[in-house]
Amino acid sequence: MQSSKFTQVLKQEAAQLGFSFSGACPAVTPDGYHNFLTWLDQGYAGEMSYLVERKEAYKHPQSVLPKVTSLLMLAMNYRSQPRAPEVPGTAKIARYAWGNTDYHDLIHARLKSLKQIALELDPTIQVRGVVDTAPLLEREFAQLAGMGWIGKNTLLLNKFNGSFFLLAALLLDRELEYDEPHTSSHCGTCTACLDACPTNAFVGPYVLDATKCISYLTIEHRTSVPRELRDQLDGWLLGCDVCQDVCPWNRKAPITNETEFAALDGHNPIQLGSLFELTDDQFRSRFRKTPLWRPKRRGILRNAAYAMANQPNRENVTPLLKGAVDEDPLVREASICSLAVHWYPEYGEEIEATINEVLIREQDSAVVAACQHCLKHREN
C-alpha cells in the first residue's frame, strides 16, 4: 500500500477510535531538544528526576522504537461540561481528571487497536503506541506534524481545538505521508496565561518553572510544599487549568464526545472533608483507576489540607483533627498547619489538646515544627 493511502487509512481509523485530530511527521531530533536540555540544566524540572535520567533518550524517537521512520501524532479532546463554581469545603480538579478512568489506560487501549489495524495493513512493519510516559517530546512532534503551535504557556494550541486535549503517538518503521509543519504562532501579544498563573510559575513566555507550577506541586512533588507557595495553590486539589481557562483559543473549543471524561458526581468540584474518612483500601477502591491515584492517599490529603487552609470553615475542623493524627507524617504536617487558621473558640481546647498529644510522641521534625507553628499562631 502506498504511503499516502496507508496514512489516510490510519488517520481515518484513529478518528473512528475517538482521536480528535492527527498529523504525521518524520522521526528526527526535534528542534526544541536543546531548549529542553537548557530547561533541565536550569533546574526547572524539580523532583522529576526521570526527565534528567533519560535526557539523552529524548534526542531521537529511536530510543522508543529503534528503527522508527515516522510518527503519527494523535490528539484526544477531554473538554467536558463547564466548570462548576467552587463552594466552601470543596476544591478544584483539573478537567482531564474529572472522569472515571485514567487517560493512560483509555488511550493505551485505543492505541493498541490502532496498532493492530496498522499491522493488518502491513504485517511487515514494526509499530509502537505511546502516551505520556515514553521519552518523547510530544508537543514538538505534534507541531512538526502540523497539529498546532506551542503557546506561551508551553502547551500545544490548535486554532479549532484549543488546548484541552491529550497527545499520543504511533511510531512506525515505514514512511508516512507527512503533514506540513506548523511554523507560525498565533499567541500574538496576548499574555493572559502568564498573567493569570497563581504562583507566577512562568519565567517568561514559553518557559515554565515546574517547581512553582500547581500541577507539579499537587502531583509530582511528593514532600511538603514550601509554605510560601501553599497560599497560592488557589483551591486546586489535583492539577490546574488556569492557563488554559483564560486562553482565548479555548473559548470556542469543542466539547468532547468521549464519555469517559464526563465528570463523576463530586469531582467538579470535590468535597474535601470526606477524603479524610477514607482508609488506604477505601482510597484505592475509589480512585485506583483515576488520575487521583498518582499522588496516592498521602498526596491527596496533603493537598486537601492545603486547600482547607486557604478557605477557613468550621466544617473543616473535624477532618483536620483526624488528619493531625494520621499515620502518615506528610498528612499530619499539612493538617496541623491548616488547623492554625481554624482555631475557632469552640474548638480551641480540642485543637490544643490534639496538638499537645501529637507532640508527646512525634519524632518527625517537620510535624514538630508544624505543631509549634500552630501553637505560636494561636498565641498571636
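The values are calculated or read from the model by the stated rules, or taken from the named source; none is laboratory data. Keep in mind the model is a prediction, meaning the values are calculated, not measured. All Cβ positions, even for glycine, are placed from backbone atoms using ideal geometry, and neighbour counts span all protein chains on display. Accessible surface is based on the protein model in full, side chains and every heavy atom, while ligands, DNA and RNA are left aside. Shrake-Rupley method; radii C 1.70, N 1.55, O 1.52, S 1.80 Å.
Given the criterion open to solvent by less than 60 Å² (accessible area, probe 1.4 Å), part of a loop (DSSP other than H, G, I, E, B), of a type in the set (Phe, Trp, Tyr) and within 25 Å of ASN158 (Cα to Cα), identify the matching residue among PHE36, PHE19. So that I can check it myself, show each step before the final result.
Numbers: PHE36 fails: part of a loop (DSSP other than H, G, I, E, B).
So the residue among PHE36, PHE19 that is open to solvent by less than 60 Å² (accessible area, probe 1.4 Å), part of a loop (DSSP other than H, G, I, E, B), of a type in the set (Phe, Trp, Tyr) and within 25 Å of ASN158 (Cα to Cα) is PHE19.
Here is a check on your reading of the model: is VAL225 outside any helix (DSSP H, G or I) and either open to solvent by less than 20 Å² (accessible area, probe 1.4 Å) or aliphatic (A, V, I, L, M) (or both)? Spell out the reasoning first.
On the way: outside any helix (DSSP H, G or I): yes; either open to solvent by less than 20 Å² (accessible area, probe 1.4 Å) or aliphatic (A, V, I, L, M) (or both): yes.
Yes: the conditions hold for VAL225.
Is it the case that ALA324 is more than 17 Å from THR90 (Cα to Cα), in contact with a His (Cβ under 8 Å, 6 or more places away or on another chain) and small (Gly, Ala, Ser)? Walk me through how you get there before you give the answer.
Working: more than 17 Å from THR90 (Cα to Cα): yes; in contact with a His (Cβ under 8 Å, 6 or more places away or on another chain): no; small (Gly, Ala, Ser): yes.
Spelling it out, it is not the case that ALA324 is more than 17 Å from THR90 (Cα to Cα), in contact with a His (Cβ under 8 Å, 6 or more places away or on another chain) and small (Gly, Ala, Ser).
In the set LYS152, LYS112, which member is charged (D, E, K, R) and either more than 26 Å from LEU238 (Cα to Cα) or open to solvent by 50 Å² or more (accessible area, probe 1.4 Å) (or both)? If you could, list the steps in order and put the result at the bottom.
Values: LYS152 fails: either more than 26 Å from LEU238 (Cα to Cα) or open to solvent by 50 Å² or more (accessible area, probe 1.4 Å) (or both).
Criteria check complete, one pass: LYS112.
How many of the residues making up segment 290-325 are in contact with a helix residue (DSSP H, G or I) (Cβ under 7 Å, 6 or more places away or on another chain) and closer than 26 Å to GLU260 by Cα?
Result for segment 290-325: 12.
Anything in segment 332-372 that is part of a helix (DSSP H, G or I) and β-branched (Val, Ile, Thr)? List them, or say none. Walk me through how you get there before you give the answer.
The first filter runs over segment 332-372 and keeps only residues part of a helix (DSSP H, G or I), leaving 332-339, 345-361, 365-372.
Result: ILE336, ILE351, THR354, ILE355, VAL358, ILE360, VAL367, VAL368.
Picking from GLU333, GLU327, which residue would you name as being touching a Lys or Arg at 6+ places or on another chain (Cβ under 9 Å), under 22 Å from GLY299 (Cβ atoms) and modelled with pLDDT of 95 or more? Let's see the steps before the verdict.
Values: GLU327 fails: touching a Lys or Arg at 6+ places or on another chain (Cβ under 9 Å).
Matching residue, one of GLU333, GLU327: GLU333.
Which residue pairs have Cβ atoms under 7 Å apart, sit 6 or more places apart or on different chains, and have a first residue in segment 137-155 that is in contact (Cβ under 8 Å) with a residue 12 or more places away in the chain and closer than 9 Å to THR183 by Cα and a second that is open to solvent by less than 10 Å² (accessible area, probe 1.4 Å) and among the hydrophobic types (A, V, I, L, M, F, W, C)?
Hits for this filter: GLN143/TRP149; GLN143/LEU156; LEU144/CYS25; GLY148/ALA142; GLY148/LEU156; GLY148/LEU157; TRP149/LEU157.
Does GLU180 satisfy the criteria of being farther than 30 Å from VAL367 by Cβ, open to solvent by 30 Å² or more (accessible area, probe 1.4 Å) and more than 18 Å from the chain's Cα centre (by Cα)? I'd like the intermediate steps shown before the answer.
Values: farther than 30 Å from VAL367 by Cβ: yes; open to solvent by 30 Å² or more (accessible area, probe 1.4 Å): yes; more than 18 Å from the chain's Cα centre (by Cα): yes.
Spelling it out, GLU180 is indeed farther than 30 Å from VAL367 by Cβ, open to solvent by 30 Å² or more (accessible area, probe 1.4 Å) and more than 18 Å from the chain's Cα centre (by Cα).
Kindly indicate which of ALA45, ALA97 is under 18 Å from PRO135 (Cα atoms), open to solvent by less than 40 Å² (accessible area, probe 1.4 Å) and not β-branched (Val, Ile, Thr).
Within the list ALA45, ALA97, the selection yields ALA45.
Any chance you could count how many residues in segment 298-342 are surrounded by 23 or more Cβ atoms within 10 Å (Cβ to Cβ), of a type in the set (Lys, Arg) and under 22 Å from the mean Cα position of the chain (by Cα)?
1
Looking at (1) in a loop (DSSP other than H, G, I, E, B); (2) under 16 Å from CYS337 (Cβ atoms), which is the only condition ALA307 fails?
Of everything listed in (1) in a loop (DSSP other than H, G, I, E, B); (2) under 16 Å from CYS337 (Cβ atoms), ALA307 misses just condition (1).
With ASP132, ASP122, ASP102 as the choices, which residue is on the phi > 0 side of the Ramachandran plot and either among the acidic types (Asp, Glu) or crowded, with 21+ Cβ neighbours inside 10 Å (or both)? Write out each step before concluding.
Details: ASP122 fails: on the phi > 0 side of the Ramachandran plot; ASP102 fails: on the phi > 0 side of the Ramachandran plot.
Matching residue, one of ASP132, ASP122, ASP102: ASP132.
Kindly indicate whether any position in segment 87-95 is at pLDDT 95 or above and assigned to a loop (DSSP other than H, G, I, E, B).
Yes, there is a match, as at least one residue in segment 87-95 is at pLDDT 95 or above and assigned to a loop (DSSP other than H, G, I, E, B).
Report, ordered by the first and then the second residue, all pairs with beta carbons closer than 6 Å, sequence separation of six or more or different chains, a first member in segment 1-28 that is without any contact (Cβ under 8 Å) to a residue 60 or more places away in the chain, and a second member that is among the hydrophobic types (A, V, I, L, M, F, W, C).
The qualifying pairs do not exist here.
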